[in-house]
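Engineer: The structure's right below; bear with me while I get my questions together.
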């Protein structure tokens, strides 16, 4: 379902003006995104990623790129976070002269390195499309893009980049009953733990693919998004945008389930090496938090060690659920040697999501040591094999690997052998 939000006019205007005076500005190639940041490299990366996300958005909606409202992207990584300790937020507000402005604020450095950035761009594109012809007014509630659309589009990018973990479809298809579309549309992914979130994202992508196969195709989804200024993205909204379904939830559920099953037949993924697994793990743990949440100026922790500190902050449990989901996705493809390590990190993140104040520092420290040891041993084995290949194979080929003529077998003298030899001499 789409979520309702209030338009925080005065706060957003003040934040935008202050930042505009202090930070540099970059306009993306498409012209729709205006990025504010003191870091020129960050502005360049955000501009490119935003335009790439826009292309993905147009692919799903079949849009020709006609837009009315600009989308502002602000780098607020060094600014105090709002209540909720959000990593990023997207909203729409009314600016001077009654013009509408969509704004995405980035509060965490890890956002630009993950698909969270694209998800926020999808939400921003959704707000622009919803209110392109239906202006929202300050103080009035507005609808966000439904979670199943934003999560489904973002999952498509993950699949394109990393493939589809086979275990996800196995879990979906092993159920005795097919999933109910009504229950799915009412789900709240922000409250889900890692496994449920992974399954939800896969189901969301399957629903988008199923709808695109209907006669209305991409235009149906564009019509659905446009209607969200007064609808909630539920079954009624879907049926209005896709008349070919004849308001039959059973038919929609059938084609959705078939889309899930069809996705399970995709090519299996190649397993990651130990080195590739460690690099993916390092990307997931590009996070930081204060060593003492009560004294944020007394040093920072980074990597997995920062999880307890982040979990205790406002919005920390939701962030831990997201990290647990990322670790679960990696666990499906990880090298077998690394799977127990990733599973332990995932368990820790899940426990912190439920009990943010739980003492897990010792477990994280031990898991970090095991991870480091495995990485070191892997490097030693690789070095040994390289040395062996470079120095020993030549020696083996010159000596040990030479095959001499086998020794001549001694003639047999038993009675049976003498009888056979005699028969051969007589010409039998």
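Engineer: Restricting to region 41-72, name every residue that is in contact with a strand residue (DSSP E or B) (Cβ under 7 Å, 6 or more places away or on another chain) and not in a helix (DSSP H, G or I).
Structural biologist: 69, 70, 71, 72
Engineer: Restricting attention to region 239-260, which residues are surrounded by fewer than 17 Cβ atoms within 10 Å (Cβ to Cβ) and within 27 Å of the chain's Cα centre (by Cα)?
Structural biologist: Restricting attention to region 239-260, the residues satisfying the condition of being surrounded by fewer than 17 Cβ atoms within 10 Å (Cβ to Cβ) are 240, 243-244, 246-251, 254, 258.
Selection gives 254, 258.
Yes or no, residue by residue, for (1) in the same structural domain as residue 287 (by TED's automatic domain parsing); (2) surrounded by fewer than 22 Cβ atoms within 10 Å (Cβ to Cβ); (3) free of Cβ contacts under 8 Å to residues at least 60 places away in the same chain:
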| site | (1), (2), (3) |
| --- | --- |
| 300 | yes, yes, yes |
| 311 | yes, no, yes |
| 331 | yes, yes, yes |
| 338 | yes, no, no |
| 342 | yes, no, no |
| 350 | yes, yes, no |
| 362 | yes, yes, yes |
| 365 | yes, yes, no |
| 369 | yes, yes, yes |
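Engineer: Taking only region 356-377 into account, find how many residues are assigned to a helix (DSSP H, G or I) and under 18 Å from residue 309 (Cα atoms).
Structural biologist: Residues of region 356-377 assigned to a helix (DSSP H, G or I): 361-377.
Filter once more, keeping what is under 18 Å from residue 309 (Cα atoms): 361-368.
The number of residues fulfilling the criteria is 8.
Engineer: Suppose we filter 130, 121 for residues that are closer than 30 Å to residue 282 by Cβ and not assigned by TED's automatic domain parsing to the domain that holds residue 227; which single one remains?
Structural biologist: The unique qualifying residue is 121.
Engineer: Report whether or not residue 123 is in contact with a strand residue (DSSP E or B) (Cβ under 7 Å, 6 or more places away or on another chain), within 20 Å of residue 205 (Cα to Cα) and either at pLDDT 95 or above or not in a loop (DSSP other than H, G, I, E, B) (or both).
Structural biologist: Values: in contact with a strand residue (DSSP E or B) (Cβ under 7 Å, 6 or more places away or on another chain): yes; within 20 Å of residue 205 (Cα to Cα): yes; either at pLDDT 95 or above or not in a loop (DSSP other than H, G, I, E, B) (or both): yes.
Considered against the rule, which asks whether it is in contact with a strand residue (DSSP E or B) (Cβ under 7 Å, 6 or more places away or on another chain), within 20 Å of residue 205 (Cα to Cα) and either at pLDDT 95 or above or not in a loop (DSSP other than H, G, I, E, B) (or both), residue 123 comes out as yes.
Engineer: When you look at residue 281, is it assigned to a helix (DSSP H, G or I) and either in contact with a strand residue (DSSP E or B) (Cβ under 6 Å, 6 or more places away or on another chain) or not assigned by TED's automatic domain parsing to the domain that holds residue 189 (or both), yes or no?
Structural biologist: Yes.
Engineer: For region 48-57, name all the residues that are within 11 Å of residue 32 (Cβ to Cβ) and either free of Cβ contacts under 8 Å to residues at least 24 places away in the same chain or not assigned by TED's automatic domain parsing to the domain that holds residue 76 (or both).
Structural biologist: Answer for region 48-57, where residues must be within 11 Å of residue 32 (Cβ to Cβ) and either free of Cβ contacts under 8 Å to residues at least 24 places away in the same chain or not assigned by TED's automatic domain parsing to the domain that holds residue 76 (or both): just 51.
Engineer: Going residue by residue through region 160-178, is there one that turns out to be within 29 Å of residue 58 (Cβ to Cβ) and at pLDDT 90 or above?
Structural biologist: No, region 160-178 contains no residue that is within 29 Å of residue 58 (Cβ to Cβ) and at pLDDT 90 or above.
Engineer: Is it the case that residue 330 is touching a helix residue (DSSP H, G or I) at 6+ places or on another chain (Cβ under 9 Å) and either under 21 Å from residue 190 (Cα atoms) or in a loop (DSSP other than H, G, I, E, B) (or both)?
Structural biologist: Details: touching a helix residue (DSSP H, G or I) at 6+ places or on another chain (Cβ under 9 Å): yes; either under 21 Å from residue 190 (Cα atoms) or in a loop (DSSP other than H, G, I, E, B) (or both): yes.
Answer is yes for this residue.
Engineer: Would you please list the contacts, defined by Cβ atoms under 7 Å and residues six or more apart or on different chains, that run from a residue in region 113-131 that is free of Cβ contacts under 8 Å to residues at least 40 places away in the same chain to a residue that is part of a helix (DSSP H, G or I) and buried (at least 22 other Cβ atoms within 10 Å of the Cβ)?
Structural biologist: 119/150; 119/154; 123/150
The values are calculated or read from the model by the stated rules, or taken from the named source; none is laboratory data. What you see is a predicted model; the values in this text were computed from it and never measured. Here Cβ is always computed from backbone atoms with ideal geometry, including for glycine, and neighbour counts include all displayed protein chains.
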